[in-house]
Amino acid sequence: MLKHNLYRSFLMAITVAISFHAVGCGSNTNNNNAAIVCGDGIVAGDEVCDDGTNDGSYGSCTTDCTAKAAHCGDGEVQAEFESCEPSDTLAEGEIPCTDSCQYAKSCLEIKNHFADTESGEYLIVPTANDVLTEEEAKMSLVKVNCDMEIDGGGYTFLKV
């Protein structure tokens, strides 16, 4: 029995030592005294972003978790992935850009991004499944009438 109690005490001492080493004095820890690790998928401490990948690729986090890498909505069009950058307002004659950084293909997409839009004429780019430059989008523009009120709105009408 004495041997068993000594063995248990020894294991507890090792566990305490390992725990102290992981969260010890001066280490990067959160409020729960758990170690903060960049790349664990948990944003904690001074981390701005931690998606678990952190390779700096589009839509990811930087390798040191201090910032998001290039992504939709960062204010710059990443030509390989985006057609446009979304805004909160829609000026008359402007090609609407959705939250996915693609041009709107329908009135429903316009309604979903710009909640306070009224019924009327809008420009859409029906071929917006692909990443398009602004010039390519202008060549594909279609002027449509949008009903933004009946049954929740978002209906697209084309005059022929």
Next item on the list: Roll a 1.4 Å probe over the protein chains and send me the accessible area per residue for region 57-145 in Å².
Entry: 57 Å²
Notebook entry, point to check: In terms of modelled amide H atoms, which long-range or inter-chain residues lie less than 5 Å from the amide H of Lys105?
Noted result: Val125
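Tally up the carbon and sulfur contribution to the accessible surface of region 39-141 as a whole percent, 1.4 Å probe, everything protein left in place.
On the way: 2780 of 5880 Å².
C and S fraction of accessible area: 47 percent.
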Next item on the list: Measure off 7 Å from each Cα along the Cα-to-Cβ vector at Glu80 and Asn112, then give the distance between these two points in nanometres to one decimal.
Entry: 2.6 nm
Item checked: Amide H contacts under 5 Å for Ser119, placed H, 5+ residues apart -> Met148
Check: Given a Förster radius of 35 Å and the C-beta distance between Val37 and Thr133 as r, what FRET efficiency does 1/(1 + (r/R0)^6) yield to the nearest 0.05?
Finding: 0.30
Check: Quick one: net charge of Val125's neighbours, Cβ under 13 Å, K/R +1, D/E -1?
Finding: -3
Checklist line | region 143-151 - phi-based ³J(HN,Hα) in whole Hz, Karplus 6.51/-1.76/1.60, Gly and Pro as x | finding: 8, 10, 9, 10, 9, 9, 10, 5, 6
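The values are calculated or read from the model by the stated rules, or taken from the named source; none is laboratory data. Just so it is clear, the model here is predicted, and its values are computed rather than measured. Neighbour counts run over all protein chains shown; Cβ positions are idealised from the backbone, glycine included. All accessible areas refer to the heavy atoms of the entire protein, side chains included, with ligands and DNA or RNA removed. Shrake-Rupley method; radii C 1.70, N 1.55, O 1.52, S 1.80 Å.
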